[in-house]
Amino acid sequence: MKYRARFSGKVLFWVLAAVGLTAIGAVMVASTLTPNRGAVATSENLPSLRLLPGSNNTLELSRELVNSLGVRTVQVQSAASHDRLSLSGSLILDSNRMAVVHSRFAGEVVLIGTTQPTGPDGKAAAARPLRYGDPVTKGQLLAVIWSKDVGGEKSDLVDSLSKLSMDEAQLESLMPLARDVIAVKDVRKARRDRDADIIDVDRHERTLRSWRLTEEEIAVVRAEAKRIIDGKVGSDVAIDKSWAEVEVRSAFDGIILEKNIVPGAIVDTSVDL
């Protein structure tokens, strides 16, 4: 009768080593116990052990070798369940990689940023509003706030630009006149009014820049003022729609951990969006 056993690579190595040592020991014992007969143990006398042909991890043992090694066979069964190891711990967020998003102005939420996730088939699914767990990239639009403060400051800049244009035209009309026609103080007053307008325009532009409006957005305000100065009536629907809008964008790449706003919500600068 033959016995077969399957081992992993390392286990097979040690099994072969152990069997080899056992065989050597058997030879030595046989040689010691039978000195008178002059018998020498050979490979033919030893219990057979061989690697099963076509396999690199299965040994075939003879009955004699099984008996000499005391090999026992048992049915393979699933391991018994072990006691659970309970460990106490906590998880915290890296404060260097977490930002609380606020609006710089009080107002109404008119739009939530969107994302276009990938479907199970690997294709882009339909765009949907951002929500908890969505990844975002640096500069990605998170929300749009409608703020009367921003709209009012832009309108004040338009008014200052319009007044500057008028006072510059007034000064230019007085400069060529002879001194016996117009008093010097009138020219000085016209120049002072022009300078005050320049200061006022600069003040409004500095305020908008301090509110993180881009140069492109300020250029739109200047273009609107020029349109009014040129006497073009009517309004631009696209400009009117975005006149008081403030964009809230992501400061860096990350994942949304919390979302507290929906379109129509009224927020101020202290609300965690």
The long-range amide H neighbours of Arg249, using H built 1.01 Å from N in the peptide plane and a cut-off of under 5 Å, are Leu142
Mind ranking 92-105, 118-131 by how tightly packed they are, going by the mean number of other C-beta atoms within 10 angstrom, highest first? 92-105, 118-131
With a 10 Å radius around each residue's Cβ, average the other Cβ atoms per peptide and rank 143-154, 48-59, highest first. 143-154, 48-59
Name the residues whose placed amide hydrogens come within less than 5 Å of the amide hydrogen of Ala265, ignoring near sequence neighbours (fewer than 5 apart) on the same chain. Val109
Provide the per-residue ³J(HN,Hα) series for region 72-85, in order, calculated from phi with Karplus coefficients 6.51, -1.76, 1.60 and θ = phi - 60°, each as a whole number of Hz, with x at glycine and proline positions. 10, 10, 9, 6, 6, 9, 5, 5, 5, 5, 9, 5, 6, 9
Lysine pair count for region 152-273 [Cα-Cα under 15 Å; pairs on different chains or 8 or more apart]: 5
Taking loop as defined by DSSP and a crowding limit of 13 other beta carbons within 10 Å, which chymotrypsin sites (Phe, Trp or Tyr not before Pro) in region 187-273 fit? Phe252
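Bear in mind that the values in this text are calculations on the coordinates, not laboratory data. These figures come from a predicted structure and were not determined experimentally. All Cβ positions, even for glycine, are placed from backbone atoms using ideal geometry, and neighbour counts span all protein chains on display.
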